[in-house]
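The values are calculated or read from the model by the stated rules, or taken from the named source; none is laboratory data. From a predicted model like this one, the values you see are computed outputs, not experimental measurements. Backbone-built Cβ (ideal geometry, glycine too); neighbour counts: all protein chains shown. Only protein heavy atoms, including side chains, enter the accessible area calculation; ligands, DNA and RNA are left aside. Shrake-Rupley method; radii C 1.70, N 1.55, O 1.52, S 1.80 Å.
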Amino acid sequence: MDFSDAGNLSSSLKRSTDAPVGASKLLRLMEERGGEGATERCGVGGRGTPARSSGRIIWYNGRRQTGRVKSDDGCEFNVPVGGALNRNLVPLTPAGLMHGTRVRFMPADPGKNGGRHTCVAVRPCGDKPQLGLECGFDRQDMADATNQSHVAAADIADLGFLAGIFDGHCGGSCAAHISATFPGMLHAVFGVRAGQIRGGLAALSTSKEVELISSALEEACHEVDRDLMRTAQERHWTDGTSMLLALLAHGFDAPKQATVAGCEGGIAKLFLAWCGDSRALLLTGREARSLSRDHVPSRKDEYARLKQAGGKVLEFDGVLKVGRRDKYKENKRPSSKSSFSNVLWSSTSRSFGDIRLKAPHQIVTSEPELLTRTLTPDDWGLVLVCSGVSSQLSEREIADACWECLVLRDASIADTAHEVTQRARQRGAKGKLTVLVMRFGWATPRL
């Protein structure tokens, strides 16, 4: 995949996207790889070849390029490396062979895989279409706003779908830089780590594979931060940004578990990484469950870390903010002609950029917090919101807006994101507002 257009992809989603991201491009690529004619190249065409069969994907793993299919007559087939036409392109859609996808395939010689049934030329079919992942967002900036936010959304080969919001403050250079570079960095870091595994990814257990993806996400955050700090020094950027990333990946072999109802044996997982006060909410039934915890000075663990790092925490209009203790003391001296307004105060305790709070003392850190969660059949959506939204709307109010739009009115994903920002604005939210909504098309919302 080409990640250079991740920013353009984000822009094209704004209040306009109703189709699964990347699915049409992937389907075209599959056609270019041969479509039906690919059966000949797999070595199963010609006289005596068994007839094509139909079934459902139990799981397909683009990192290993292997999977399992259950035929309509109940027989299970293993998908060997190269047996699926999409190879390592695995968005959470039928084109990426998401769990439960209806497929056509060619049964192969059982003796070629240790006596187990195998199949090749696996590709999605449209006899019973399954919905995949949909994504849309709404971003509102005030006309005179200096702060800027950015959104990233990209299909990532091997892994799945990555989406994130970057809520800038004191400018927008850092937010723009990270949103453009992170997808490519994550793909590169994962590729290097995977290449160092003795025996390849096939040698890993499911739990070790999950650890690999999570650690690659964390390392990508560190690499992007190092790149950003070099760029910020060269270009004299002093702004900063929070970051909230969601990576959705499928194809994990998990006996007796399921992400898609009626498709036991495979699961999809959500990998979160965040730094700052944007918030991730998982939609389950009528409820929205917060998966992230805000990085703010009022958190006891964050407050202790800030004090130890040389920070000074003060309250401004009921909100705790952190600044440099040495600068605070300079401005507090009776002989000083400056004021506290000359000291940079931040309402977040972790962020990217903000070079004035990181040199010479690392007060505000860019160390991300991470979380991994298995998606269940009851989970039907994910919402990423900036602090301007979460400060005005409760989790239940955000859940209600999504339910009313997506379930009761059958509105688009982008219009749903717009509805959430509008409700926050009506409550008095100021400045920029950003909301990104993902709908899991394979799940049915239930009360």
Subject >> Nearest-0.05 FRET efficiency for His361 and Asp227, computed from C-beta distance (R0 30 Å) >> reply: 0.90
Original post:
With every protein chain present, what accessible area does Glu234 have (1.4 Å probe, heavy atoms only), rounded to the nearest 10 Å²?
Top reply: 130 Å²
Original post:
How large is the accessible surface per residue of the range 63-220, computed with a 1.4 Å probe and reported in Å² as a whole number?
Top reply: 38 Å²
Original post:
Each residue of the range 223-234 in turn: what ³J(HN,Hα) in whole Hz from Karplus with 6.51, -1.76, 1.60 and θ = phi - 60°, glycine and Pro shown as x?
Top reply: 5, 5, 5, 4, 5, 5, 5, 5, 5, 4, 5, 5
**OP:** Over the range 269-332, average the accessible area per residue using a 1.4 Å probe and give it in Å², no decimals.
**Re:** 45 Å²
Subject >> Most to least accessible of Arg299, Arg425 (protein chains only, probe 1.4 Å) >> reply: Arg425, Arg299
Original post:
Ignoring ligands and nucleic acids, what accessible area does Phe440 show with a 1.4 Å probe (Å², nearest 10)?
Top reply: 0 Å²
Original post:
Per the 1.4 Å probe, what fraction of the accessible area of the range 175-236, in percent, lies on carbon and sulfur atoms?
Top reply: 50 percent
Original post:
Once amide H atoms are placed 1.01 Å from N in the peptide plane, what residues at a sequence separation of 5 or more from Thr93, or on another chain, have their amide H within under 5 Å of its amide H?
Top reply: Met98, Leu133
Subject >> Signed unit charges on C-beta, dipole axis of the range 196-296, positive-most listed residue Leu244, Leu281, Gly265 >> reply: Gly265
Subject >> Long pairs among Lys358/Lys432; Lys269/Lys300; Lys208/Lys256, criterion Cα-Cα beyond 28 Å >> reply: Lys269/Lys300
Original post:
Within the accessible area of the range 55-105, what % is carbon and sulfur when the probe is 1.4 Å and the other protein chains stay in place?
Top reply: 43 percent
Original post:
Cys405: net charge of surrounding residues, Cβ under 9 Å, Lys/Arg +1, Asp/Glu -1, itself excluded?
Top reply: -3
Subject >> Sorted peptide list for 288-294, 163-169, criterion being average Cβ within 10 angstrom, highest first >> reply: 163-169, 288-294
**OP:** Subtracting the Cα-Cα distance from 0.36 nm times the residue separation, let me have the gained length for Leu408 to Ile197 in nm, one decimal.
**Re:** 71.2 nm
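Rounded, prolate or oblate: pick one for the range 200-261, where a ≥ b ≥ c are the square roots of the eigenvalues of its C-alpha gyration tensor, a/c under 1.5 means rounded, and failing that, prolate if a/b is larger than b/c, else oblate.
Because a/c hits 1.5 or more and a/b exceeds b/c, the range 200-261 counts as prolate.
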**OP:** Using label points projected 7 Å from each Cα along Cα→Cβ, tell me how many nm separate Phe316 and Glu264, to one decimal.
**Re:** 5.6 nm
Original post:
To the nearest 10 Å², what's His418's accessible area with a 1.4 Å probe?
Top reply: 50 Å²
Original post:
For the range 343-441, what does the alpha-carbon gyration tensor say about shape, rounded, prolate or oblate, given a ≥ b ≥ c as the root eigenvalues, a/c under 1.5 as rounded, and a/b over b/c as prolate?
Top reply: oblate
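In a shell of Cβ-Cβ distance under 9 Å around Ser390, excluding Ser390 itself, what net charge do Lys and Arg (+1) and Asp and Glu (-1) give?
-2
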Original post:
Residue-wise, which Karplus ³J(HN,Hα) couplings in Hz belong to the range 83-89, taking 6.51 cos²θ - 1.76 cosθ + 1.60, θ = phi - 60°, and x for glycine or proline?
Top reply: x, 10, 5, 7, 6, 9, 9
Original post:
What's the local net charge at Gly168, with K and R +1, D and E -1, over the other residues with C-beta under 11 Å away?
Top reply: -3
